[in-house]
1. What residues qualify as long-range amide H neighbours of Trp190, i.e. H under 5 Å apart, gap of 5 or more or another chain, H built at 1.01 Å from N?
2. Rounded to the nearest 20 debye, what is the charge dipole size of the chain about its Cα centre when +1 sits on each Lys and Arg Cβ and -1 on each Asp and Glu Cβ?
3. Using just the C-alpha positions of region 127-238 as equal point scatterers, what log10 of I(q)/I(0) does the Debye formula give at each q in 0.11, 0.18, 0.19 1/Å?
4. I need the Debye-formula profile for region 280-378: one equal scatterer per C-alpha, no solvent, reported as log10 I(q)/I(0) at q = 0.24 1/Å, two decimals.
5. Give, to the nearest whole percent, the P(r) tail of region 359-425 beyond 14 angstrom, counting all Cα pairs.
6. Take the Cα atoms of region 214-338, find their three principal axes, and give me the spread along each one in whole Å, biggest first.
7. With springs only between Cα atoms under 10 Å apart, run a GNM on the chain and tell me which of Leu212, Leu254, Leu56 wobbles the most.
8. Check which residues have an amide H placed less than 5 Å from Leu212's amide H, if you skip close sequence neighbours.
Amino acid sequence: MGSALDGTGVRRLAMAGPAVARDRSSSRRANLGLVLRLLRDEGPRSRARIADDTGLPKATVSNLTAELLDGGLIREGEAERDRGTVGRPGQAVEIDGTGVHGIGAEINVDYVSVLGLNLTGEVTAEERIPFDVRAAGRPDTVLDTTARLITRSIDRLRRAGGRVVGVTLATPGTIDLRTGTVSYAPNIGWSDVPALDGLRERLGPAAPDLHLENDAKLGALAEYVQASAANVRDLVYVTGQTGVGVGIIAGGQLLRGVGGYAGEVGHLQLVPSRQLCPCGRRGCWETTIGRGALLRYAADRGDMVWDPMVDLERRLTELRTRASAGDPRTLDALRRIADNLAPGLALLADILNPRLIVLGGHFAFFGEYLIDSVTAQVRERVMAPNAGGCEIVLSDIGLTGTARGGALLALDAVYQDPVRAMSRG
Ligand SMILES: [Zn+2]
């Protein structure tokens with residue numbers, strides 16, 4: 001199941017645009033970004049057409065494209081088809097960037113992973129290792145491992161002649177973007193952890209730009225990049241991890257809220273339950289649909305599916321094998337997950353009226369057992385007819401959605417300021 005980045009590169013991300021250019025050099029940088037984003041969003045085109053589309057003088061476009069070609073961010077494409085204009089068809093230019101990489105690194109409850117993408121959207125690095133983050137206690141050992149995985153990917157990409165322009169670290173929980181601190185992530189037992197400083201220290205001075213972001217928001221960005229190809233501007237991504245959070249794209253913009261905490265729905269009480277949550281309260285939604293609930297419903301402790309040292313995908317595959325063999329306990333567990341999931345999704349549909357709700361993590365992994373029941377229940381609950389036009393779909397980027405979103409976010413910096421990607425290693 002591959003990416004739907006369809007060869008035109010990363011599509012419109014729900015990011016803030018670049019600052020308004022003032023002087024000559026910053027206006028050149030802004031124009032380079034403008035041309036690059038045009039090629040990303042609208043596809044290959046000739047220099048003459050770029051001039052038409054941007055309103056820039058032809059000579060300027062010619063200089064800008066020369067610079068982008070030189071920097072390895074675009075390449076010459078095919079001759080452009082006749083568009084009814086007089087004269088010879090122009091040579092098109094298109095996004096290249098096969099040597100320009102962004103990396104997403106994810107710390108989650110039971111694994112640490114990295115994923116690299118190049119500017120054309122190809123996966124260029126991928127590694128995931130099982131890691132019992134909560135049992136590790138101190139964040140230091142987790143950051144050591146994360147830094148090691150990142151370094152390994154960067155070294156490999158650089159040895160192949162590539163440039164890594166940025167790394168986004170993803171964690172669950174609430175995050176202070178300004179300071180790069182994980183404020184509160186009960187599922188991994190972190191509070192006020194200066195994760196970005198810790199990572200920066202370990203990666204050393206040659207490290208690319210580093211950013212920190214919440215896992216659900218990055219998952220939403222990764223899904224949005226795919227869905228925006230079909231003109232979807234409003235979607236909600238629901239993580240299916242030990243914790244459950246949502247990332248919200250509304251009108252093409254990532255919703256952060258005043259403190260960056262928007263989407264922490266996992267700790268709402270939506271379904272009758274007395275189960276203790278790592279946040280200290282009882283009956284939080286995620287204790288009825290998160291990985292803990294799935295495992296509790298499906299198997300006794302001591303079963304291999306509980307073992308945090310076994311790769312998550314292997315454990316989930318074991319459960320799926322049981323489900324497809326008709327194991328009553330597994331099937332009942334999945335029915336309970338569906339029944340507990342639906343009220344929360346209906347609530348999200350009522351409040352946000354998204355075009356898509358995308359289910360990630362284990363919801364996607366067991367999608368065939370959940371989707372029909374969940375869809376029917378949501379339609380029944382939502383006030384608007386036909387669930388307000390909201391469709392519930394399964395993520396097809398599996399367990400990599402968050403890291404993929406992180407890599408896309410790192411690459412977005414190239415579109416905002418291509419000069420940095422052309423001058424950095
Ligand atoms: Zn809770």
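1. Under 5 Å from the amide H of Trp190: Ala185.
2. Values: 50 positive and 51 negative charges, 131 e Å.
Charge dipole of the chain: 620 debye, to the nearest 20.
3. For the requested q values the scattering log ratios are -0.42, -1.01, -1.09.
4. -1.34
5. Details: 1522 of 2211 pairs.
Across region 359-425, Cα pairs with separations above 14 Å total 69 percent.
6. Projected onto the principal axes, the Cα atoms of region 214-338 cover 44, 35, 27 Å.
7. Greatest mean-square fluctuation among the candidates belongs to Leu56.
8. Leu169
The values are calculated or read from the model by the stated rules, or taken from the named source; none is laboratory data. Since we're looking at a predicted model, the values are computed, not measured. Virtual Cβ from ideal backbone geometry, glycine too; neighbours counted across all protein chains shown. When the accessible area is computed, the model is the full protein with side chains, heavy atoms only, and any ligands, DNA or RNA have been set aside. Shrake-Rupley method; radii C 1.70, N 1.55, O 1.52, S 1.80 Å.
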